[in-house]
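Below: one structure, written as structure tokens.
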Amino acid sequence: MNSDLIIFIDGYLSTPERAKVCSELIDQIKSVSSYKIALLNKYSFSWGLNSKVDYYFNHNEGFMVGFPPQEILDKELYERPYVYVDTSIGTFENWLPFTGVSDHVANMFNSFILTSEAAKILGYKRIFRIEADTKFDIDELKEILKDVALFKDYLLYGERQEGDWAKPHHRIMDMHMIGYSINVFNNFNLLKNDNDFWDLCEQINYYGKWIEYIIPTAIYWQKQKTLLEGINHPGSVRDKYSNTKFDLINNPGGWVDKWKNIPKICKIKQDVNEITNKIGLFYWNDEDNLEIECKIINLEGKEIYNKSISLNPFTWFYDELDLEEEYTIINKNIRNGLVEEFTNKISPHNIPELNTRLIKK
């Protein structure tokens, strides 16, 4: 096919399992498309995939972005998203931590710069980037390729506003697949350290480690300087292409683990007051059936709470206890035969530090 577009698969192929998923993705694309395929691997070993694609690139000089600068925190510029569940008793908030979540954002941003530069050198004008741990439904892939053939400067999926915390100008976009011309990321440079990353945030006026916000904000920043035209599909890409599997292999971390260790221990806010002499125990299940055992032991070693409960998907239960001293809370979560155990200590002194809270009605 004589085309100005190249398909770039992007991934950190650190295990045979990841390489196998990527290999199957390459086969899927080849079965329905004649576009040239390039692979950007952020791991040093190719697993033989270099021979399956038209172009192979390796970039393993990435870094993890650290704690936000205090100046940004003091000015309340840093965007620290949370997930939440609305219930009949109030809203449960699960704030995500400052580190351990999306810390690889600089590496992901760099992949857009690298693929743009590589495509330009190879003589291509447009890129369709796909994350390596994607498994398409073939019929859906054929539909996607119709837009791939037509877009001019960008092909975006998943634009939406998520959470009450998001500012009006903030829009999340799914990064599982995205199209862009080689001009979209002009005026941006490779990020080599934390200072470079926070300078990028200042440049586009978004201070956060979320690539799903960084990329659309960077594109909108560029649109103010350059005429860009394209196709934008709002709404979750998982809803639009429900038979395609995204994020087949997730890295452990704050975002993946946000609903582990159930029940979530939470501080309580009622009216304008934060309550420090009580704790909430929020039992929530957002996946397959979950069995939970929770025990609480006081300083004298006496068991003061014991509950076993089974939750169907997207159901919840709530308990509340007086918090008079330090408690040890032991949770056992069983899902699909997998058993995970967690131990936490909570007291009136450290409850303000919790990332989780219930805003009671």
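Brief remarks on what is shown
- Calculated P(r) of segment 186-283 - Cα pairs past 18 Å, %: 70
- Distance from segment 180-235 to segment 36-85 (C-alpha centre basis), Å: 14
- Efficiency of FRET from Cβ geometry, Ser88 and Phe45, R₀ 51 Å, rounded to 0.05: 0.45
- Helical segments meeting 27 Å axial Cα length and Kyte-Doolittle -0.5 threshold in the chain (DSSP H): none
- Low-density loop cleavage sites - GluC sites (Glu not before Pro) in segment 75-158, where at most 12 other Cβ are within 10 Å (DSSP): Glu76
- Cα-Cα separations in segment 2-59 greater than 18 Å, expressed as whole percent: 25
- Solvent-accessible surface (1.4 angstrom probe) belonging to Asp139, in square angstrom, nearest 10: 110
- Calculated from backbone phi, Karplus (6.51, -1.76, 1.60) coupling profile of segment 330-341 in Hz, x at Gly/Pro: 10, 10, 10, 10, 10, 9, 6, x, 8, 9, 10, 10
- At most 11 other Cβ within 10 Å, DSSP loop - trypsin sites (Lys or Arg not before Pro), segment 68-140: Lys75
- Structural size metrics of the chain, computed from C-alpha coordinates, are Rg and Dmax of 23.0, 76 Å.
- Residue order by solvent-accessible surface for Ile89, Ile249 is Ile89, Ile249, largest first, with ligands and nucleic acids left out and a 1.4 Å probe.
- Once the mean of 1/r is taken over each pair of separate Cα atoms and inverted, segment 192-350 shows a Kirkwood hydrodynamic radius of 19.8 Å.
- For the pair Ile249 and Glu340, the difference between a 0.36 nm per residue extended length and the Cα-Cα distance amounts to 30.8 nm.
- Of Lys120/Lys225; Lys42/Lys75; Lys20/Lys125; Lys142/Lys223; Lys125/Lys223, those spanning more than 25 Å from alpha-carbon to alpha-carbon: Lys42/Lys75; Lys20/Lys125; Lys142/Lys223
- Selection of chymotrypsin sites (Phe, Trp or Tyr not before Pro), segment 170-207, meeting DSSP coil and at most 14 other Cβ within 10 Å: none
- Computed over segment 248-327, Kirkwood Rh from alpha-carbon pairs, angstrom: 14.4
The values are calculated or read from the model by the stated rules, or taken from the named source; none is laboratory data. Bear in mind the structure is a predicted one, so any value in this text is a computation, not a measurement. Quick reminder, even Gly has a Cβ in these numbers, built from the backbone with ideal geometry, and neighbours come from all protein chains shown. Just the protein is used for accessible areas: all its heavy atoms, side chains included, with ligands, DNA and RNA removed. Shrake-Rupley method; radii C 1.70, N 1.55, O 1.52, S 1.80 Å.
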